[in-house]
1. Given (1) among the small types (Gly, Ala, Ser); (2) modelled with pLDDT under 75; (3) surrounded by 11 or more Cβ atoms within 10 Å (Cβ to Cβ), identify the lone condition not met by SER189.
2. How many residues are in contact (Cβ under 8 Å) with a residue 40 or more places away in the chain and open to solvent by less than 60 Å² (accessible area, probe 1.4 Å) when one looks only at the range 124-144?
3. Does any residue in the range 190-207 that is under 18 Å from VAL175 (Cα atoms) come within less than 7 Å, Cβ to Cβ, of a residue that is modelled with pLDDT of 85 or more and open to solvent by less than 80 Å² (accessible area, probe 1.4 Å) six or more places away or on a different chain, and which pairs are these?
4. Within 15 Å of the chain's Cα centre (by Cα), modelled with pLDDT under 85 and under 28 Å from GLY212 (Cα atoms): does that describe LYS119?
5. Given the criterion touching a helix residue (DSSP H, G or I) at 6+ places or on another chain (Cβ under 9 Å) and closer than 22 Å to ILE201 by Cα, identify the matching residue among LEU122, LEU161.
6. Please state which one of THR97, THR115 is open to solvent by less than 30 Å² (accessible area, probe 1.4 Å), within 15 Å of VAL51 (Cβ to Cβ) and not basic (Lys, Arg).
7. Looking at the range 150-171, which of the residues that are aliphatic (A, V, I, L, M) and surrounded by 13 or more Cβ atoms within 10 Å (Cβ to Cβ) is nearest to VAL92 (Cα to Cα)?
8. Of the residues in the range 1-54, how many are of a type in the set (S, T, N, Q), at pLDDT below 80 and open to solvent by less than 50 Å² (accessible area, probe 1.4 Å)?
Amino acid sequence: MFGLLKREMLMMKKNYILIFGMMCSMILVFYFREITMTEYVYNNLLSLNIVIMPVVLLLSLYKETLEHSLFTYHKRTIPVKVHIKVWLSISVSVMYTTLLLILTILLDISVTDFTIMIKVMLYAILFTVLVLFGWSIYQVLKDKFSSFVSSIVILLSVCILFIFRETFLTFVQYVRELWVVILQVHRDSEGVIIQTDTISISYIIGLIILIGLFYIFSIQILKK
């Protein structure tokens, strides 16, 4: 495993340096230029994790594809290689989140709603696993048929999901309401409730299950 990890780090070294440099540059710009950073701006910056994590994984998979090396591993080794790629993508995202938190401390910005951080990270992991799942199907179909056929299959899958999006959103809303926990109740000076902070435990559990299923499917597709 450590040999595969070392190989991955060497393969992605330049990309990691570039990504880390861009993160640090953004933090320094906000700090030294005294750019106004509110909690709203922080949440928007945090949402970039939904892009950062899948992009890092795609870069790693792209390099692996160029070297044609992933499928030369033994079937028992492929899951380990994929685990390393996914976990390093998550690590980059966590590092970005940590730098943002350090920036809020330096700028004395109060970040109180940590549930947003949990949701963003779960969404980012879900999109990353979906990218892995789509890439796995694309590679297998490309080897058996052609790049054109595999691209058509992926596009059709996306179109089907788009067509049935309303049904999917209705189901998501149903899951959200199954198990809701009230975190905090905000009242005005007269004691009237003006806002209630809640978190849907059932929705989070559903996301975790969905992530696990797509991840397992991706591994099984690559092993075959």
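The values are calculated or read from the model by the stated rules, or taken from the named source; none is laboratory data. As the structure is a prediction and not an experimental result, all values here were calculated from the model. Reconstructed Cβ throughout: ideal geometry from the backbone, glycine too, with neighbour counts over all protein chains shown. Ligands, DNA and RNA are stripped out before the accessible areas are found, and what is left, the full protein with its side chains, is counted by its heavy atoms. Shrake-Rupley method; radii C 1.70, N 1.55, O 1.52, S 1.80 Å.
1. The number of the failed condition is (3).
2. 13
3. Listed pairs, sorted by first residue: ILE204/LEU122; LEU207/LEU122; LEU207/LEU126.
4. Here the answer is yes, as LYS119 does meet what is asked.
5. LEU122
6. Sole residue among the options that is open to solvent by less than 30 Å² (accessible area, probe 1.4 Å), within 15 Å of VAL51 (Cβ to Cβ) and not basic (Lys, Arg): THR97.
7. ILE154
8. Going through the range 1-54 one residue at a time, the tally reaches 1.
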